Amino acid sequence: MKILWVCGAQILGGAERAMLQIAELLRERGHAVQALCPWGSTVPPALAASSLPVRRAPLGGALNLRALCAIARTFAHVAPDIALVTTSDEWVWSSLAPRRSQTRLVFVRHMALPLPAPVRWLATHRADAIVAVSRAARDALVGTRFPGGLVRVIYNPVRFPPRADVPTTAERARARATLGLEVTGRWVGFVGGTSARKGVRDVFAAVAQANDKIGSTNLLVCGHRARDGCSISGLSREYGLEGKVRDLGEIDDVTTVLTAADAVVVATHRELAEALSLAAIESMACGTPVIAYATGGIPEAIGADGEAGRLARADDVRDLGRALVEVLVDLSMARQLAANGLTRVRQLFDPQRAVEAYERLFVTLCSKENGPVGRVARE
């Protein structure tokens, strides 16, 4: 089966990392997979590192007619069986681009936000299937009048095997030593980079609250450097955390970071409507408890409050700090949350389970008789 991944993202974020993993697993199962990405994007180097063919084109932008031409040319040249489209602007251009009768359009939705009416109309009439990466994403789509039979839920997988057990104190200490951190004391992890919408300021406020209530608590920050992001040194001064913050920038070895932390905070704001938090899933896979805002698909990822992490009211900084303090103080509870998280990751976010679901969907779509394009998935 020939699969073309159409990705308009400029940066290699969590959604792109998840789809890259799916692409690699599909290739391992014998499918021919290649990608179409924008010029200047950081996604193609990751594809090249995985030996996945990549084409570059002027993608991106709601009014970018060149993207329509580029996608149409690629459809004609590659003649894919499946066009897997993961960004909403490219949903539009892929819907409008002419394609051969055997090419099935599969859109993937990583946000728990309603779509604009024109995009919704095009997707409803042209897509053969829509994959929502969580029930929260599905509900946002179906709630805006998408036919329920068009939308399937397939969870994004974790990128590495979950640990066998919760890390011991010695294992966390070794991870800290690897990163050049103080081995003793409390460490809180945040992997959302400098983005305000990912909640970097909220995390600083929560850690400052922990310092006020229970004493010395340190913060470990890593992730994407947003162009309009906050200054980590400036936030350290603002919240009185100078000397207590370690900024690692963008780092590939997230497992060491997540293992080094006593807890990881996911403070994504409600406005971002993240459908499935990769940070939460990967923290659970490392045996580290999660404290998060109850927004988007985050409660779905970690379960009910007290199952694999603690949930705070969306965008409520004081409640986030309260939940963080509870986990840092009650070590027995923290260990149970972490153990529950390991079980949950194995049950819901297994990579083989995800790729098998995609493969079943693709085979079903391609096995149907060629009918009107955009209608084969509906029964």
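The values are calculated or read from the model by the stated rules, or taken from the named source; none is laboratory data. On a predicted model such as this, the values are computed, not experimentally measured, just so you know. With ideal geometry, Cβ positions are generated from the backbone for all residues, glycine too; neighbour counts draw on all protein chains shown.
Looking at the stretch 214-247, which of its residues are within 14 Å of Trp187 (Cα to Cα), outside any helix (DSSP H, G or I) and of a type in the set (A, V, I, L, M, F, W, C)? Across the stretch 214-247, the qualifying residues are Leu219, Leu220, Val221, Cys222, Leu241, Val245. Considering the stretch 209-241, the residues that are in contact with a Gly (Cβ under 9 Å, 6 or more places away or on another chain), in contact (Cβ under 8 Å) with a residue 40 or more places away in the chain and aliphatic (A, V, I, L, M) include one that is surrounded by the most Cβ atoms within 10 Å (Cβ to Cβ), namely Ala210.
If a residue must be acidic (Asp, Glu) and farther than 14 Å from Gly223 by Cβ, how many such residues does the stretch 241-265 contain?
Step one: filter the stretch 241-265 for residues acidic (Asp, Glu), giving 242, 247, 250, 252-253, 262.
Still in the running and farther than 14 Å from Gly223 by Cβ: 242, 262.
Looking only at that region, the number is 2.
Just for the stretch 28-59: of the residues that are surrounded by fewer than 18 Cβ atoms within 10 Å (Cβ to Cβ) and part of a helix (DSSP H, G or I), which one is nearest to the chain's Cα centre (by Cα)? Checked the stretch 28-59; the qualifying residue nearest to the chain's Cα centre (by Cα) is Ala46.
When you scan the stretch 126-135, how many residues do you find that are under 15 Å from Thr103 (Cα atoms) and assigned to a helix (DSSP H, G or I)?
Quick first cut of the stretch 126-135, residues under 15 Å from Thr103 (Cα atoms) only: 126-130.
Applying the additional criterion that residues be assigned to a helix (DSSP H, G or I) yields 126.
Residues meeting the conditions: 1.
Kindly indicate which of Ala177, Ala196, Ala173 is of a type outside the set (D, E, K, R), in the same structural domain as Ala261 (by TED's automatic domain parsing), within 23 Å of the chain's Cα centre (by Cα) and surrounded by fewer than 20 Cβ atoms within 10 Å (Cβ to Cβ).
Numbers: Ala177 fails: within 23 Å of the chain's Cα centre (by Cα); Ala173 fails: within 23 Å of the chain's Cα centre (by Cα).
Sole residue among the options that is of a type outside the set (D, E, K, R), in the same structural domain as Ala261 (by TED's automatic domain parsing), within 23 Å of the chain's Cα centre (by Cα) and surrounded by fewer than 20 Cβ atoms within 10 Å (Cβ to Cβ): Ala196.
When you scan the stretch 151-174, do you find a residue that is farther than 27 Å from Leu337 by Cα and not small (Gly, Ala, Ser), even just one? Yes: the stretch 151-174 contains one or more residues that are farther than 27 Å from Leu337 by Cα and not small (Gly, Ala, Ser).
Can Pro44 be described as out of contact with any helix residue (DSSP H, G or I) (no Cβ under 6 Å at 6 or more places or on another chain) and at pLDDT 95 or above? No. Selection within the stretch 277-332: residues that are assigned to a loop (DSSP other than H, G, I, E, B) and out of contact with any Lys or Arg (no Cβ under 8 Å at 6 or more places or on another chain). The member of this set that is nearest to Ala210 (Cα to Cα) is Asp330. Of the set (1) over 22 Å from Ala175 (Cβ atoms); (2) surrounded by fewer than 24 Cβ atoms within 10 Å (Cβ to Cβ); (3) modelled with pLDDT of 95 or more, all apply to Lys244 but (1). Summed over the stretch 155-205, the residues that are in a helix (DSSP H, G or I) and either within 23 Å of Phe349 (Cβ to Cβ) or not acidic (Asp, Glu) (or both) give a count of 15.
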